[in-house]
Every structure is written in C-alpha cells, then in structure tokens.
Amino acid sequence: MLQILPNNLLLARIDTTGQAVQPVGVIYESNLGTNIADADVTITDDGKVVVVWSEVSDWNDGPRTMWIAWTDWHEFLDTPNEELPALPHEISLSSYPNPFNSTVTIKYDLPQAGHAKLTAYDLQGRVVATLFDDFAPAGSTELHWSPENLASGVYFLNLEAPLANATHKILYLK
C-alpha cells in the first residue's frame, strides 16, 4: 500500500486481503524543497511491486523529476512468522579487506531510501570512479570494486545519500 504525503512516499505491508497491517517506512523523502505531485504503485506479472512518482518545485511548473523504485512482492506480504529486518538508524560506509590488492567489498547502510551516489576519489580529490548513482533502498547494500587501471595508493569513498554523507578511506596495494 502506498500513501502519498507532500514530501514523502510511505509504504505499508499488507495482509492477504490487501489490508495494511504494518507500516514499512518511507520509500522516498524529498529534502530539496520539492513536493511529490503524483505517485502510483502496481504489481507486475513477475511479482514486483513498482512505485513511480514525480516531484515539482512549484505546483505551476509541472513535474520536475520522475522516479521509479521496485522490490519483490513477497517483501510486502503479511508473514507473521518472519520479522522485518531492522533498518539502520544512521548512514554508514565500510570496506573489507582494507588494505586490498584486487577487489574490495564495499558495504553501506542507508536509514532511508532515496537517490544515492558512491564515488571514489584519489588523494588530489579527483574522481577516479563512480560506483553507484541511482535510487537506493533503505537497508544494507554490498558491492564489489576492482580498480584495475589505478595505481596503488590511498583512495577515499564518498557516499552521498538523503540527509547524510559518509566518507571512508581505503588502501589499494597491487
């Protein structure tokens, strides 16, 4: 079930009759002074819950940005024997192994869904890779990075997310 507020989209778990039984949380929150103009939720034939919405900064200007998010249907069905995973309370960014020599696993936690961008910088502050730049769900995510064309050295990962940023230092040894 989707509830539209001026600056938020809220999802709720539903039971097998379609009745809301438990709030899931905010799928998106506008923090740019914009308003959610319209939103819709649907279930696809392959079992995905798809949410589409638009934002406006001025009601007279029309849509500013269109967004889409999806997840598996079973994550929203009432399953009383299963507990919902706890969402993180704050943003975090970590990696392992660190130092690394070929591939590093990067883990980040987001307390709130929204647009997120994960960028790697060298010591001079130059962007060496954009690892993620898209809508990200709330919760924990892991990704792998193999900086094959970079020199050994110190690099910084920067995660930009709704309402927070995080930076993490990594050491690459060839």
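Roughly what would the spin-label model give for residue 149 and residue 50, points 7 Å off Cα along C-beta, in nm?
Between residue 149 and residue 50, the simple spin-label model gives 3.4 nm.
Which value, in debye to the nearest 20, describes the size of the charge dipole of the stretch 92-172 about its Cα centre when Lys and Arg Cβ atoms bear +1, Asp and Glu Cβ atoms bear -1, and nothing else is charged?
160 debye
From the residues 158, 116, 139, which one has its Cα farthest along the dipole of the stretch 92-172 in the positive direction, the dipole being from +1 and -1 charges on Cβ of Lys/Arg and Asp/Glu about the Cα centre?
158
Under a point spin-label approximation (7 Å from Cα along Cα-to-Cβ), what is the residue 167-residue 107 distance to one decimal in nm?
2.3 nm
Length gain on complete extension for the stretch residue 129 to residue 92, per 0.36 nm per residue less the alpha carbon to alpha carbon distance? Don't jump to the answer; show the numbers that get you there.
Details: separation 37, 0.36 × 37 = 13.32 nm, distance 1.94 nm.
Extra length from residue 129 to residue 92 when fully extended: 11.4 nm.
Where a number appears in this text, it was derived from the coordinates with a stated rule and is not lab data. These figures come from a predicted structure and were not determined experimentally. Please note: Cβ atoms are built from the backbone with ideal geometry, for glycine as well, and neighbour counts cover all protein chains shown.
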